[in-house]
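All remarks here apply to the structure that follows.
The values are calculated or read from the model by the stated rules, or taken from the named source; none is laboratory data. The model shown is predicted, which means the values in this text are computed figures rather than measured ones. When we count neighbours, we look across all protein chains shown, and the Cβ atoms used for this are built from the backbone with ideal geometry, even at glycine. Heavy atoms of the whole protein, side chains included, go into the accessibility calculation; ligands, DNA and RNA do not. Shrake-Rupley method; radii C 1.70, N 1.55, O 1.52, S 1.80 Å.
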Amino acid sequence: MNLPKIIGIAGTSGAGKDTLGDLLVERKHYKFVSVSDILRAELTKQGVPHEREYLRALSSKWHRDFGPGNLSRRTIEAYILEEETEGYQGLAIGSIRRPSEAKVIQDEGGVVLWIDADQMLRYDRIQAANRGRHEDTATFEEWLDDENAEMTPPSDDDGSALNMAGVRDIADVHVENDFDSFKAYRDYLIKEFEL
């Protein structure tokens, strides 16, 4: 499958989203922007820890303050300004966690990919990677609680809560990363998406 100019990369924590984004940068000269990194940068400015509960709170606040899909929209607008000067061939937006963010990408002619894997496998990957994030030190139970809070919004949600299950349900392509090695997964992505 040849990917379009704008791609949303969604999925569960530790599933391999960044690997696809990095391959797009390396092999197709895409710009790769993680929504989580945008939120982390703002939390750093505010002096707030990068724990998932604070990332969720900031994301929800921006959703309420700036409207649905604002993270994808602002990322696409920034990319369009850089496209000519930087020579990027496309844009990959990682860590999409709301259907409204996915919809903005799809409305721009892009596709949304959902990447997932077995929960214990993902947890083990995160622990082994030790990226200096809060989830690196969370117990499996704490990590599952965080993931469950992001998968399905509470019944009293005003539309600003994360809804990864909703993104999964409208994603254009689904990838199951239960590969037994990083190399096998990387090789699969290169072949599957003609990278």
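Do you know which residues across segment 75-105 are over 17 Å from HIS29 (Cα atoms), within 15 Å of the chain's Cα centre (by Cα) and not aliphatic (A, V, I, L, M)? SER95, ARG97, ARG98, PRO99, SER100, GLU101, LYS103, listed by residue number.
Each residue in segment 150-169 was checked for being outside any loop (DSSP other than H, G, I, E, B), open to solvent by less than 50 Å² (accessible area, probe 1.4 Å) and out of contact with any Asp or Glu (no Cβ under 8 Å at 6 or more places or on another chain), and 4 pass. Per the conditions (1) modelled with pLDDT under 90; (2) more than 25 Å from ASN70 (Cβ to Cβ); (3) assigned to a helix (DSSP H, G or I), the sole criterion not satisfied by GLU84 is (2).
Scanning segment 43-52 for residues being among the aliphatic types (A, V, I, L, M) and surrounded by 16 or more Cβ atoms within 10 Å (Cβ to Cβ) gives a total of 1.
Of the residues ARG27, ARG40, only one is under 24 Å from ASN177 (Cβ atoms) and either crowded, with 23+ Cβ neighbours inside 10 Å or without any contact (Cβ under 8 Å) to a residue 40 or more places away in the chain (or both); which?
Details: ARG27 fails: either crowded, with 23+ Cβ neighbours inside 10 Å or without any contact (Cβ under 8 Å) to a residue 40 or more places away in the chain (or both).
Criteria check complete, one pass: ARG40.
Among the residues of segment 170-195, which ones are assigned to a helix (DSSP H, G or I) and either over 15 Å from the mean Cα position of the chain (by Cα) or free of Cβ contacts under 8 Å to residues at least 40 places away in the same chain (or both)? Answer for segment 170-195, where residues must be assigned to a helix (DSSP H, G or I) and either over 15 Å from the mean Cα position of the chain (by Cα) or free of Cβ contacts under 8 Å to residues at least 40 places away in the same chain (or both): PHE182, LYS183, ALA184, TYR185, ARG186, ASP187, TYR188, LEU189, ILE190, LYS191, GLU192. Within segment 91-128, the residues that satisfy the criterion of being part of a strand (DSSP E or B), of a type outside the set (Gly, Ala, Ser) and open to solvent by 10 Å² or more (accessible area, probe 1.4 Å) are VAL111, ASP116.
Restricting attention to segment 1-31, which residues are in a loop (DSSP other than H, G, I, E, B) and not basic (Lys, Arg)?
Taking segment 1-31 as the starting set, the residues that turn out to be in a loop (DSSP other than H, G, I, E, B) are 1-5, 12-16, 29.
Listed by number, the residues that qualify are MET1, ASN2, LEU3, PRO4, THR12, SER13, GLY14, ALA15, GLY16, HIS29.
When ARG186 is tested against (1) buried (at least 17 other Cβ atoms within 10 Å of the Cβ); (2) at positive phi, exactly one condition is not met: (2).
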